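Input: a single structure, listed below in structure tokens.
The values are calculated or read from the model by the stated rules, or taken from the named source; none is laboratory data. These numbers come from a predicted model, not from an experiment. We place every Cβ from the backbone using ideal geometry, glycine too, and count neighbours over all the protein chains shown. Quick note on the areas: whole protein, heavy atoms, side chains included, nothing else; ligands and nucleic acids left out. Shrake-Rupley method; radii C 1.70, N 1.55, O 1.52, S 1.80 Å.
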Amino acid sequence: MDKIDKTKPATFYAVGLSYKKADAEMRGKFSLSDEAKDNLLTQAKNEGIESLIVISTCNRTEIFGFAQHPFELIKLLCDNSNGTVDDFRNVAYVYKTREAIEHLFRVGTGLDSQILGDFEIISQIKNAFYLAKEKGLTSNYFERLVNAVIQASKRIKNETELSSGATSVSFASVQYIMDHVEDISNKNILLFGTGKIGRNTCENLVKHTKNDHITLINRTKERALEVAGKFNLIVKDYADLQTEIRKSNVLIVATGAQKPTVDKALLNLNKPLVILDLSIPKNVSENVTEIEGVELIHLDYLSQMTDKTIERRREFIPQAEEIIEEIMSEFIAWTKMRKFAPTIHALKTKLEQIKDGELDYHKKKYDNFDSEQAELISMRIIQKITTQFANHLRHEDTVVDQSIEWIEKVFHIESN
């Protein structure tokens, strides 16, 4: 591709992939661990990227940021994941300016979630912003945008029923278990992995199954103990994983590892077992299905589950979209004003200079010239003129950059 011109103004882009076109395997290639996210942000800083945030969940990996060309962001993603540029071309998307802004709003409010109304993503966006801020990769624009998305998320949650009931993959997994495992309250459930999805799944298990045979295992035992303490559950050492799997009727895997942590050799079973893999990349090898009685369910299947509650949520999509449009329009109006405010200020200064020159001329020419009255009238005229220009620049059909260039050229205003 052509060499990127770093002298051009940066443009806001959204680049990434999601469940809509990328299957679990492909999403796994582009999945970013915490370390990979940190490396990506550091690389972005070193390469002169102005500002960006990165999110990577089981359903999507996306970068929102400013660049001269979207390939700068695509390269960051490919350099820090196992995905290639060719993979990206096949399954990913690139949005620019307003489309990128709108996409972030839809993602952050649960409208673009695999399970409609899943609001867990908004915390991912908040965390992504905090990480970027620590690296010096945010701006007033970005902070205002993220806050606008958070505001839209809160309003949709409070003013609609789009998020009625539980809406996450963690709840869908528990719902699947309750629908497909008989006498679940008396079965042994093992949860392997106590990251965010694991914690949420644990909470839903306790709340909905009324089961007191739930065991937690995590590579870092302290994290498992922290989660277990909230619900009075059993915690076992990582070394006991195989033994605990053999005791279990249901195994839920949510480790967040980059490679499978459970396979056929580890199981070594002689009884039925339901396994739910809630991880991206997949943390359970497909070879476990070679064992008779083992049923493996991946989160992509769980995410397709719909019930009457979720179907009812669709009725609130138009209301949610109205809220998004309202808050997004306010944000875009702010961005326009932010862009043209210096020009309007410079225009006003220029007109005042013209006014001062004319008043000085008339003071010298006319003995009875009322300078105070002329000053008052002149300033009112200047205010009306600048207001007219500001209203023009605010209009949704106005191409702001062209109009600013025209104003600066006509009034001989130097661009900042």
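Among the candidates 170, 163, the residue that is buried (at least 19 other Cβ atoms within 10 Å of the Cβ), among the hydroxyl-bearing types (Ser, Thr, Tyr) and within 18 Å of the chain's Cα centre (by Cα) is uniquely 163. Applying the set (1) surrounded by fewer than 17 Cβ atoms within 10 Å (Cβ to Cβ); (2) free of Cβ contacts under 8 Å to residues at least 40 places away in the same chain to residue 337 leaves exactly one unmet item: (2). Just a yes or no: is a residue in the range 112-124 closer than 28 Å to residue 45 by Cα, modelled with pLDDT of 95 or more and in the same structural domain as residue 24 (by the TED database)? No, the range 112-124 contains no residue that is closer than 28 Å to residue 45 by Cα, modelled with pLDDT of 95 or more and in the same structural domain as residue 24 (by the TED database). If only residues of the range 97-122 that are touching a Ser or Thr at 6+ places or on another chain (Cβ under 6 Å) and not aliphatic (A, V, I, L, M) are counted, the one that is most open to solvent (accessible area, probe 1.4 Å) is 120. Being under 19 Å from residue 100 (Cα atoms) and among the acidic types (Asp, Glu) is the filter here, so list the residues in the range 15-55 that pass it. If the condition is that a residue be under 19 Å from residue 100 (Cα atoms) and among the acidic types (Asp, Glu), then 50 is the only one that fits. Summed over the range 55-96, the residues that are closer than 22 Å to residue 332 by Cα, surrounded by 24 or more Cβ atoms within 10 Å (Cβ to Cβ) and not acidic (Asp, Glu) give a count of 4. Residue 190 satisfies every condition listed in (1) hydrophobic (A, V, I, L, M, F, W, C); (2) touching a Phe, Trp or Tyr at 6+ places or on another chain (Cβ under 8 Å); (3) within 15 Å of residue 283 (Cβ to Cβ) except (2).
Evaluating residue 197 against the criteria (1) under 21 Å from residue 278 (Cα atoms); (2) at pLDDT 90 or above leaves one unmet condition, (2).
May I ask you to say which residue of 220, 215, 201 is farther than 15 Å from residue 174 by Cβ, under 29 Å from the mean Cα position of the chain (by Cα) and open to solvent by less than 90 Å² (accessible area, probe 1.4 Å)? So the residue among 220, 215, 201 that is farther than 15 Å from residue 174 by Cβ, under 29 Å from the mean Cα position of the chain (by Cα) and open to solvent by less than 90 Å² (accessible area, probe 1.4 Å) is 220. With a requirement of 1 or more residues that are in contact with a helix residue (DSSP H, G or I) (Cβ under 7 Å, 6 or more places away or on another chain), the helices (runs of 4 or more DSSP H) lying completely within the range 305-401 that satisfy it span 317-365, 371-394. Checking each residue in the range 180-198 for being open to solvent by less than 10 Å² (accessible area, probe 1.4 Å) and part of a helix (DSSP H, G or I) picks out only 198. Looking at (1) touching a Ser or Thr at 6+ places or on another chain (Cβ under 6 Å); (2) open to solvent by 90 Å² or more (accessible area, probe 1.4 Å), find the lone condition where residue 348 falls short. Here residue 348 clears every test but (2).
A residue that is open to solvent by 80 Å² or more (accessible area, probe 1.4 Å) and on the phi > 0 side of the Ramachandran plot occurs somewhere in the range 265-282.
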